[in-house]
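The values are calculated or read from the model by the stated rules, or taken from the named source; none is laboratory data. Because the structure is a prediction, the values reported are computed rather than measured. Every residue, glycine among them, receives a Cβ derived from its backbone with ideal geometry; neighbour counts consider all protein chains shown.
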Amino acid sequence: MFSCESLPQPKTVLSVAASLTTSALLFRTIASDLIPTDYVKTLFKRISNQLTVVIDESDGLTPNQLFEAANTERIDVPTNSNARSELRFFELSFHKKHKETVLKKYLPYILKKATEMKDEKKAVNLHTVDYHRTDYWGSVVLNHPATFETMAMDPDKKAEI
């Protein structure tokens, strides 16, 4: 059995723990300075079964189409006044075995659906000139009940078009 006399002093235990912690931090600092981060990321990618796609809001100066597509129907939460300075992104995590499905089917599907949703919301505006206002050009949403099917046209021409 254990006896109190065989246990090390608390001062010794704390000293050893502090030394081990300091050594670990020193080793980590040296390793991060000497080993390129690409190698470390590659090592952890091989260990993990999960893949993560990070979709940033913009790619330099141009907006990211995939971010806008993923953000099409998302409800914006009110944020503080300097919200534009925040980094905005989406993360999509999935198992490695689904990589081809996500990259070849899911992400193009998101882009296609977002385009369809934007096209549905698109309104045709009728622009007119009004010389009596300070802003000469004005526009109104054109809501006309006519469709291609209800349009008066030769049936053969309609079928050809």
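Per-structure values
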quantity	calculated
Test: Thr134 is farther than 30 Å from Gln50 by Cα, among the polar types (S, T, N, Q) and assigned to a loop (DSSP other than H, G, I, E, B)	yes
Test: residue in the stretch 66-81 that is within 30 Å of Glu116 (Cα to Cα), at pLDDT below 75, surrounded by 10 or more Cβ atoms within 10 Å (Cβ to Cβ) and among the aliphatic types (A, V, I, L, M)	no
Positions within the stretch 115-161 being under 23 Å from Thr72 (Cα atoms), surrounded by 10 or more Cβ atoms within 10 Å (Cβ to Cβ) and among the basic types (Lys, Arg), in sequence order	Lys118
Meets criteria (closer than 30 Å to Val54 by Cβ, among the aromatic types (Phe, Trp, Tyr) and touching a helix residue (DSSP H, G or I) at 6+ places or on another chain (Cβ under 8 Å)) for Phe148	no
Qualifying residue in the stretch 91-113 (condition: closer than 30 Å to Pro145 by Cβ, in contact with a strand residue (DSSP E or B) (Cβ under 7 Å, 6 or more places away or on another chain), at pLDDT 80 or above and aliphatic (A, V, I, L, M))	no
Test result for Phe44, more than 22 Å from Lys118 (Cα to Cα), modelled with pLDDT of 85 or more and either among the aromatic types (Phe, Trp, Tyr) or not in a strand (DSSP E or B) (or both)	no
Flag for Met117 being part of a loop (DSSP other than H, G, I, E, B) and at pLDDT 80 or above	no
